[in-house]
Amino acid sequence: MENSISKSVKAFITITTVVVLFSFFVWVFPGFFFTNDLKEITTAKPYNALELAGRDVYMAEGCVACHTQMVRNLEPERKRYGRPNKMEDDVYEFNFLWSSQRTGPDLTNIGLKYTEGWHKQHLINPQAVVPASIMPQYPWLFEKEINGSQVIASMKAMKKLGVPYTDTQIENSVKKVEGKTKGDALVAYLMSLGVDTQEKAGDLK
């Protein structure tokens, strides 16, 4: 009997379908009902135009491959990285940037730890501020200006996914990023992480 099931294409398709449907109804389907409740209790705010552009740079440069944005509620992680994540923190995140590998530190609350000047120097020459760092240098990010039309496209896409951007915000986004570089945008994004969801000023020490 076991051999006949393992060799049956129909049995494989049936079992796979059952597992996928079960996973969907257990893990995905409830999310459609929780979203509105999460928006009511969250302190998270949608990214502004410059921060959203920085998030796009963060993804494009593969930062998510080396940095997590998921602090587990464990004492060692709280001491090192600050406030642990909550479900409502990610209500405006499409897609999630939790990642699963920490070649570099977790960035969930990084906006509460360093200044804009530090982040800029760290991106231009990481080893100048952290001698043991193996992070690549990104000086050229501060030489390339942001494409305003791409920012508009990103905001429109986010709006379709449920982020409450207004038409006015989208129309004015080009002015908000005018003259700004990709490096400026990435710094703005990093400076925003953890700021709106902090519970108290001393969460990150």
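The values are calculated or read from the model by the stated rules, or taken from the named source; none is laboratory data. The model shown is predicted, which means the values in this text are computed figures rather than measured ones. Positions of Cβ are generated from backbone atoms using ideal geometry, with glycine treated the same way; all protein chains shown enter the neighbour counts. Surface areas here come from the heavy atoms of the whole protein model, side chains and all, with no ligands, DNA or RNA. Shrake-Rupley method; radii C 1.70, N 1.55, O 1.52, S 1.80 Å.
Data table
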quantity: Residue pairs, from the table K45/K182; K86/K175; K156/K180; K113/K182; K86/K144; K113/K175, whose Cα atoms sit over 25 Å apart; calculated: K86/K175; K86/K144; K113/K175
quantity: Most positive-pole-ward Cα, S192, S133, M155, against dipole of the chain from beta carbon charges; calculated: S133
quantity: Mean Cβ count within 10 Å, highest first, over the residues of peptides 7-15, 54-62, 95-103; calculated: 54-62, 95-103, 7-15
quantity: Dipole magnitude of the chain, debye to nearest 20 (Cβ charges: Lys/Arg +1, Asp/Glu -1, about Cα centre); calculated: 260 debye
quantity: Accessible surface of the chain [probe 1.4 Å, protein heavy atoms]: carbon and sulfur percent; calculated: 59 percent
quantity: Partners for K39 among aspartates and glutamates (Cα-Cα distance below 16 Å; same-chain residues under 8 apart left out); calculated: E88, D89, D90, E93, D196
quantity: Accessible surface ranking that places the most exposed of R78, R72 first, with a 1.4 angstrom probe; calculated: R72, R78
quantity: The chain - convex hull of alpha carbons, volume per residue in Å³; calculated: 188 Å³
